[in-house]
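Below is one structure; the comments refer to it alone.
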């Protein structure tokens, strides 16, 4: 009964804040914000502590905990109750709108690859190619190649059934394979054009995207290794299994498996379409109807949806499976991610409340008062914004706006400024980051283990990026 009393007490406190004492709180909050930016940062810290208490201590569902924490943070920051609610709904809608189809199509594609045996085919092929002792290397290379053109969420969902099958077939711990995959995807997402943040910031800073890509590739190898296979050595003791609702172990005879060609084509279809869009855009630079066509077919939603349609035919109907069975499996796959989707949406609500309540502006105000090296300032600003906002892309682009006036007169190559900003945006991933919840749910780990693995992994990628940029700046002429 104790957790119930605590929850009821929290609801009562929220009601009091929103009702009788709201005008007083609003006036007090406005005064505090005018005179002390630190108040918003304190409220952010309290919000994170509240989340930890609700999830870890009270064992509350993460989605409900995120909603309660979002409401509390909004009210404490001086938002009216209806404004806090609108902010939460906007965050949920924005997150669901951008990810719902990607998550659904990713689950469908994963189920097709799993049920048809295509994941086993690819596993056996890579194991034969690299050898079982170098299976982490094959996973890391696969993640890097797939992650080059695809956003993190789409590439993660494309490859997660392969990681499940790798773990089952090779009897390797799931984390020994999952950490190298996630590190490779995180590095490509944070360091390399044509991903959104590096591309947008390169344009903002006046940097050459191709040179940014070259420097990013040079930093990618040490960052991926240290945050991947090296970090994974410390978690060999974890014996977590794939979530049963997302993966069911199946035994196949090799002769009944689909061929490697059709298996790779189906799995890599989203990668090929998105890579086509990136290459065509950079090399040809189309305009008008051609540009719209390229943007449409290389969109992650369309790319994954196309792969699903190809999989239905190539891995389903052409292999003799009744359409009813194929649709039943895909329907079950979408149903299995419902709670994952809601938890991610809750993270979106938390992020949006922090944005709308002015936390980002407070951090920008603090950053502008510091007299640091432009490289360190860009990295630190992005890191603190990542802590506050969750989204690496939003944190990086927001930080770029803070340090932009310094770029032209800093004496630092703008390509290195791009990398320092995007590397910093990978730091401190926690509850308000969609990737945090995807890692927790798909790898079936606890909150504590997610902090130990995912948050540390992201921080390693961020720190290695900063160290690499400082080394490049010392070696290269200004």
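The values are calculated or read from the model by the stated rules, or taken from the named source; none is laboratory data. What you see is a predicted model; the values in this text were computed from it and never measured. Heads up, the Cβs are rebuilt from the backbone with ideal geometry, glycines too, and the neighbour counts pull from every protein chain shown.
How many residues does segment 211-224 hold that are crowded, with 19+ Cβ neighbours inside 10 Å and either at pLDDT 85 or above or in contact with a helix residue (DSSP H, G or I) (Cβ under 6 Å, 6 or more places away or on another chain) (or both)?
Final tally of qualifying residues: 7.
Given (1) assigned to a loop (DSSP other than H, G, I, E, B); (2) surrounded by fewer than 17 Cβ atoms within 10 Å (Cβ to Cβ), where does residue 60 come up short, assuming only one miss?
The one condition residue 60 does not meet is (2).
Tell me, yes or no, whether segment 291-302 has at least one residue that is in the same structural domain as residue 256 (by TED's automatic domain parsing), in a helix (DSSP H, G or I), touching a residue at least 40 places away in the same chain (Cβ under 8 Å) and buried (at least 16 other Cβ atoms within 10 Å of the Cβ).
yes
Kindly indicate whether residue 79 is closer than 17 Å to residue 355 by Cα and touching a residue at least 12 places away in the same chain (Cβ under 8 Å).
Answer is yes for this residue.
Please work out which residue is farthest from residue 67 (Cα to Cα), limiting yourself to segment 334-347 and to residues that are modelled with pLDDT of 75 or more and in contact with a helix residue (DSSP H, G or I) (Cβ under 6 Å, 6 or more places away or on another chain).
We begin by selecting, within segment 334-347, every residue modelled with pLDDT of 75 or more; these are 334-335, 338-339, 341-342, 345-346.
Right, trim to in contact with a helix residue (DSSP H, G or I) (Cβ under 6 Å, 6 or more places away or on another chain) and you get 334, 341-342, 345-346.
On the way: 334: 23, 341: 14, 342: 10, 345: 10, 346: 6 Å.
Selected residue: 334.
Six or more apart or on different chains, Cβ atoms under 8 Å: show the pairs whose first residue is in segment 200-220 and at positive phi and whose second is in a helix (DSSP H, G or I).
Taking only residues 6 or more apart or on different chains, the pairs are 206/407; 206/414.
So residue 128 ticks every box in (1) touching a residue at least 60 places away in the same chain (Cβ under 8 Å); (2) surrounded by fewer than 23 Cβ atoms within 10 Å (Cβ to Cβ); (3) within 16 Å of residue 257 (Cα to Cα) but one. Which box is left unticked?
All conditions pass for residue 128, except number (1).
Answer yes or no as to whether residue 245 is modelled with pLDDT under 85 and under 24 Å from the mean Cα position of the chain (by Cα).
yes
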